[in-house]
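The values are calculated or read from the model by the stated rules, or taken from the named source; none is laboratory data. Fair warning: this is a prediction, and the values are worked out from it, not measured in the lab. Note that we place each Cβ from the backbone using ideal geometry, even for glycine, and neighbour counts take in every protein chain shown. Just the protein is used for accessible areas: all its heavy atoms, side chains included, with ligands, DNA and RNA removed. Shrake-Rupley method; radii C 1.70, N 1.55, O 1.52, S 1.80 Å.
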Amino acid sequence: MIAVDDEQLRILVASMRLDPYCSVNHRFVGVVDANALLSCVGNDCRKGAYWQSDLLRAANRGVATLYAPDHVYFEVYEHLTAIAKWSNVPAPALRARFETKYLPRLRFVTVGTAGIVDQQVLAISDPDDVPTGQLAKLVAPCVVFSEDRHLRKPGLAPENWRAVATCAIDIIEAVTRQQEVWRSTEGLSIPVSGAIELFKFAGRRTGVSPWVIAGIVGAGAAFYFKSPERRKMVGKYVIPAINAIGKELNSAATQEQRGLRGLRQVMLPAPAQPSARQQTAIILARQQEPLLAREVQERMLAHFARDLVPTVAEVRDTLKDSSEFVQPERYRWQLGRIAEPWRS
């Protein structure tokens with residue numbers, strides 16, 4: 001048997017996830033631009049009150065955690081009137097959809113853009129898009145949802161962000177199908193587990209090994225199926241059901257792998273040598289609740305090489321000195337904030 005140390009085990013488990021820093025297998029971080037949000041809001045309103053974009057469905061199901069720079073918040077409000085013209089939806093309806101459905105799923109980040117050294121971010125020709133690119137490289141691995149050419153040209157955003165959002169839906173639907181199949185077969189597992197307990201009970205009462213009792217029962221089952229009529233009944237009802245379950249699970253697995261493959265192809269890679277600020281952002285971007293500086297550092301030690309991980313004091317200084325991190329409660333920190341509707 002091959003021995004695996006803790007570091008090798010960590011790498012192995014992380015490599016099996018879509019995002020190695022997420023504790024949940026299918027979860028990932030997305031950075032959203034204003035044009036993608038406006039497109040989603042406009043299409044949602046045109047298709048009806050109950051329609052949800054793939055991006056919103058992914059966020060609602062907990063597959064995607066979405067972040068955006070502060071300026072995206074203002075850009076959405078600024079361009080709602082223009083979206084109302086091409087979508088034939090009144091601006092108040094667009095605004096209501098954005099504020100009730102999308103705002104609660106977004107965290108807005110005040111991105112510091114001083115001293116940028118990343119070549120992809122430096123290649124962004126429009127200054128308005130620099131915070132989006134910088135945020136993406138800060139929390140990577142992540143997916144950038146934008147159709148802006150200034151983000152696509154340096155390779156920060158995929159050519160078709162809508163197709164990428166559909167990949168997330170493939171994962172959601174595949175997992176749902178798998179869960180439905182297993183729920184439908186729960187009744188089949190009860191007799192098996194009950195039989196095991198029965199064998200154990202009989203063994204305790206008789207002093208005979210449960211395995212011997214199980215063998216006797218198995219021999220009895222084999223004798224039972226010697227009858228051609230009984231074998232025919234099994235072939236008519238049981239085998240087709242098992243085949244149908246296998247086909248459904250195989251189809252769902254194929255759909256799941258298609259979604260994972262599509263997301264992996266466009267996901268910005270994690271930095272090879274992450275700075276203290278990047279490590280802090282990577283950890284906090286994947287947390288649902290604010291953390292203490294000590295808790296942030298503990299999670300760093302679980303994910304990064306020990307010689308790269310800053311001390312707790314250095315983590316605390318990074319949290320205090322970086323605009324991206326906010327303190328919703330005393331001593332606890334998070335990346336960005338949920339914004340309230342704009343009341344001008």
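Annotations
- Residue within region 96-113 that is free of Cβ contacts under 8 Å to residues at least 12 places away in the same chain, over 22 Å from Gly262 (Cα atoms) and either open to solvent by less than 30 Å² (accessible area, probe 1.4 Å) or outside any loop (DSSP other than H, G, I, E, B) (or both) present: yes
- Criterion (touching a Cys at 6+ places or on another chain (Cβ under 8 Å), among the basic types (Lys, Arg) and over 23 Å from Asn25 (Cα atoms)) met by exactly one of Arg97, Arg152: Arg97
- Test for Glu340: is it over 20 Å from the mean Cα position of the chain (by Cα) and in a helix (DSSP H, G or I): no
- Scope region 265-303; condition assigned to a loop (DSSP other than H, G, I, E, B) and either of a type in the set (Lys, Arg) or within 20 Å of the chain's Cα centre (by Cα) (or both); matching residues: Met267, Pro269, Ala270, Pro271, Arg286, Gln287, Gln288, Glu289, Pro290
- Residues that are in contact (Cβ under 8 Å) with a residue 24 or more places away in the chain, open to solvent by 40 Å² or more (accessible area, probe 1.4 Å) and within 8 Å of the chain's Cα centre (by Cα) within region 22-64 comprise Val24, Arg27, listed in sequence order.
- Test: Val89 is more than 17 Å from Gly30 (Cα to Cα) and in contact (Cβ under 8 Å) with a residue 24 or more places away in the chain: yes
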